[in-house]
Amino acid sequence: MNEGEGRPHTAIVAALFALAQLPFLNGAFRVDDTNILAIAKQIARAPLDPYGFNFNWTGFARPAFDILANPPLVPYLLAAWARLFGWSELALHSLTVLCGIAAILAFGSLARSLGRGDALFPALLAVSPAFFIASHVVMPDIEMLALMLGATAAAMRYRESSSRGAALVAFACGFFVALAKYNGVMLVPVLAAIVFLTPGKRRVLGVIAASPLIGLAVWNLFTLAQYGAMHLAVVSNERRFNLEQTLADLAKRGMHFGIVDTVISLLVITGLAIVPIGWQFVAARGKDWVIALCAGLVALAIALLRLDYSPASTILFALGIAFGVRAFAAVLAERALVPAVWLASVIAFQIITIFIGVRYVFPLLPAILLLTPAARSITRPLAQLGLVLSACVAIAIAIGDAEAANCYRDVSAKLAGRHFHFAGHWGLQWYATQAGGTMIDVKQPSLLRSGDLVLSAPRAFASLGPLRLAPGAKIAAINVACDARWPVQTVSCSAGASWYANEVAGCPRYPLYLPFGISREAQHLQLFVVK
């Protein structure tokens, strides 16, 4: 398939991806969506003061500038989009899906520039569970990846054609990538690799390579003028403090988390959630399967002997290690500078930050796909079977994730109109606040009287803290269950699964984790009644 033939096929892939997203557009907001939406609401009120408000994200109210770690590009986009279409889940998730489509199209262009013109590559991107689910939230991960792919694809286009338009697009995408998410600085080494490959155009490409750092500098100079400090420095200190506290908490429980845990988590996540299962059908290297089989058997033994996993989760852990090892073994044998630097940049960033989450490492996916050895065409029946199987797996995981998110929305809706307090963010904070609930501030707890209700999500930090009861008042706890009708879960204690964190909050489990598990466990919230 030549370059011209690849474009319409990539457009078809993008259209099918959009079609598959339709059932999930009205899903509940989840995880860090709440703080992204809080910034967007503030921008709607005061466009030049995105962090000028206090926010309870860690158990008590603090200046948003000090604790919300994301730069404001995506909240600005959400605020502008909401001005036109409203603040509903349907409207705001549609924006994320559009960014996902842009990422697919940009990846198709990049694949063609690197001699991988077949639509198989953007199709594999689209059916990755990590990419698929990242399109269901308003967190900035999809936007960051779209900008990374756009900048790289446009820089490669300029390298080939000297097009000024391509250079401007590359610079613009690079400028904004670190304003979508600070992780976007991972793009700098990738663009630098393109500079290295292009001796005759290094002046323009050098400026493009510096564009993420230029955007980062402009944003932080703005915050220095507006808030008296550079946002990146402030949130880096906050991140360091949180990391120290987490490690200290693990130590108190006789646990630890180090580089070995990071590597193992990276392998499991890559094998189960980042690389679609269909990739196993198109990356044909027999010796990699031997390495994968050995790694999987070792992982199975470790899980049986050392990890408190259910039988299904034990099997998933072994498969994750096997598939992850196979992916990295396959790409290490290839010699393509740009995707290799991309891969190394993402891995290095995660090792520095230690803790691993699916949405943090899914930028690995384009590099792994571009380094796929002996890839077959999308027209091959085996590749098509792999894509269909991958899509089924991604959709199954997405249904479980939506079910967990919808729990907080549904329970909050039942309390609407009643006077209640609550603890825990994720989607609960957004929906409980909308229902009229008051979030508990552990430093200034409200006095609870007879008839008051307190809702707590044990797996959604922050905790209740000590409750302040009126004299003579007593409290009774009731478990409120959201039955898990769907067997595939992304937040599950019994399955050891958490899509968004290193361990499921409140679970007595070693902090290695699976990105999803097979379980029919109900998701419990605690409802306290003051009598």
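Which one of these is farther than 24 Å from Ala106 by Cα and modelled with pLDDT under 95: Asn242, Asn220?
Asn242
Could you please find all residues in the range 390-438 being hydroxyl-bearing (Ser, Thr, Tyr) and free of Cβ contacts under 8 Å to residues at least 60 places away in the same chain?
Ser412, Thr433, Thr438
Within the range 276-335, count every residue that is among the charged types (D, E, K, R) and under 19 Å from Glu503 (Cα atoms).
The number of residues fulfilling the criteria is 2.
Has the range 136-147 got at least one residue that is closer than 23 Å to Gly271 by Cβ, assigned to a helix (DSSP H, G or I) and without any contact (Cβ under 8 Å) to a residue 60 or more places away in the chain?
Yes, there is a match, as at least one residue in the range 136-147 is closer than 23 Å to Gly271 by Cβ, assigned to a helix (DSSP H, G or I) and without any contact (Cβ under 8 Å) to a residue 60 or more places away in the chain.
Give, as residue ranges, the helices (runs of 4 or more DSSP H) completely inside the range 25-103 that count at least 1 residues that are at pLDDT below 95 and out of contact with any Lys or Arg (no Cβ under 6 Å at 6 or more places or on another chain).
Result: 33-45, 64-67.
Can you say whether Ser345 is touching a Gly at 6+ places or on another chain (Cβ under 6 Å), part of a helix (DSSP H, G or I) and in contact (Cβ under 8 Å) with a residue 40 or more places away in the chain, as far as the supplied structure shows?
no
So, of the residues in the range 318-339 that are in contact (Cβ under 8 Å) with a residue 60 or more places away in the chain and assigned to a helix (DSSP H, G or I), which turns out to be surrounded by the fewest Cβ atoms within 10 Å (Cβ to Cβ)?
Leu337
Select from the range 360-372 the residues that are farther than 23 Å from Trp289 by Cβ and crowded, with 24+ Cβ neighbours inside 10 Å and write down the one among them that is farthest from the chain's Cα centre (by Cα).
Pro366
So which residues in the range 215-237 are touching a helix residue (DSSP H, G or I) at 6+ places or on another chain (Cβ under 6 Å) and either within 30 Å of Arg159 (Cα to Cα) or not β-branched (Val, Ile, Thr) (or both), if there are any at all?
Of everything in the range 215-237, those that are touching a helix residue (DSSP H, G or I) at 6+ places or on another chain (Cβ under 6 Å) and either within 30 Å of Arg159 (Cα to Cα) or not β-branched (Val, Ile, Thr) (or both) turn out to be Gly215, Leu216, Trp219, Asn220, Tyr227, Met230, His231, Leu232.
Quick one: which residue in Ala11, Ala40, Ala69, Ala61 is over 20 Å from Ala396 (Cα atoms), touching a strand residue (DSSP E or B) at 6+ places or on another chain (Cβ under 6 Å) and in contact (Cβ under 8 Å) with a residue 40 or more places away in the chain?
Ala61
Going through the range 373-393 one residue at a time, which ones are under 22 Å from Leu514 (Cβ atoms) and surrounded by fewer than 23 Cβ atoms within 10 Å (Cβ to Cβ)?
Once the filter is applied, which keeps residues that are under 22 Å from Leu514 (Cβ atoms) and surrounded by fewer than 23 Cβ atoms within 10 Å (Cβ to Cβ), the range 373-393 yields Leu389, Ala391, Cys392, Val393.
Pairs, please: C-beta under 8 Å, at least 6 apart or cross-chain, first residue free of Cβ contacts under 8 Å to residues at least 40 places away in the same chain and over 17 Å from Ala180 (Cβ atoms) and in the range 76-96, second of a type in the set (Ser, Thr, Tyr) and buried (at least 16 other Cβ atoms within 10 Å of the Cβ)?
Phe85/Ser94
Name the single residue that is surrounded by the most Cβ atoms within 10 Å (Cβ to Cβ) among those in the range 151-168 being of a type in the set (A, V, I, L, M) and more than 17 Å from Ala111 (Cβ to Cβ).
Ala167
Just to verify a result, which residue in the range 512-530, among those that are assigned to a loop (DSSP other than H, G, I, E, B), modelled with pLDDT under 85 and of a type outside the set (A, V, I, L, M, F, W, C), is surrounded by the most Cβ atoms within 10 Å (Cβ to Cβ)?
Only one residue tops the list, namely Tyr513.
Answer yes or no: is there a residue in the range 104-122 that is without any contact (Cβ under 8 Å) to a residue 24 or more places away in the chain, assigned to a helix (DSSP H, G or I) and of a type outside the set (S, T, N, Q).
No, the range 104-122 contains no residue that is without any contact (Cβ under 8 Å) to a residue 24 or more places away in the chain, assigned to a helix (DSSP H, G or I) and of a type outside the set (S, T, N, Q).
Suppose we filter the range 445-474 for residues that are in contact with a Ser or Thr (Cβ under 9 Å, 6 or more places away or on another chain) and free of Cβ contacts under 8 Å to residues at least 12 places away in the same chain; how many remain?
1
Restricting the search to the range 410-436, which residues are under 25 Å from the mean Cα position of the chain (by Cα) and small (Gly, Ala, Ser)?
The answer is Ser412, Ala423, Gly424, Gly427, Ala432.
Of the residues Ala495, Ala460, which single one is touching a strand residue (DSSP E or B) at 6+ places or on another chain (Cβ under 6 Å) and either under 30 Å from Ser128 (Cβ atoms) or among the small types (Gly, Ala, Ser) (or both)?
Ala495
Pairs under 7 Å by beta carbon, first residue farther than 11 Å from Gly117 by Cα in the range 365-379, partner of a type in the set (S, T, N, Q) and surrounded by 23 or more Cβ atoms within 10 Å (Cβ to Cβ), six or more apart or different chains?
Pairs found: Leu365/Ser128.
Report yes if some residue within the range 90-106 is more than 29 Å from Leu22 (Cα to Cα) and touching a Gly at 6+ places or on another chain (Cβ under 7 Å); otherwise report no.
No, that holds for no residue.
The values are calculated or read from the model by the stated rules, or taken from the named source; none is laboratory data. Please read these numbers as outputs of a predicted model, since none were measured by experiment. Backbone-built Cβ (ideal geometry, glycine too); neighbour counts: all protein chains shown.
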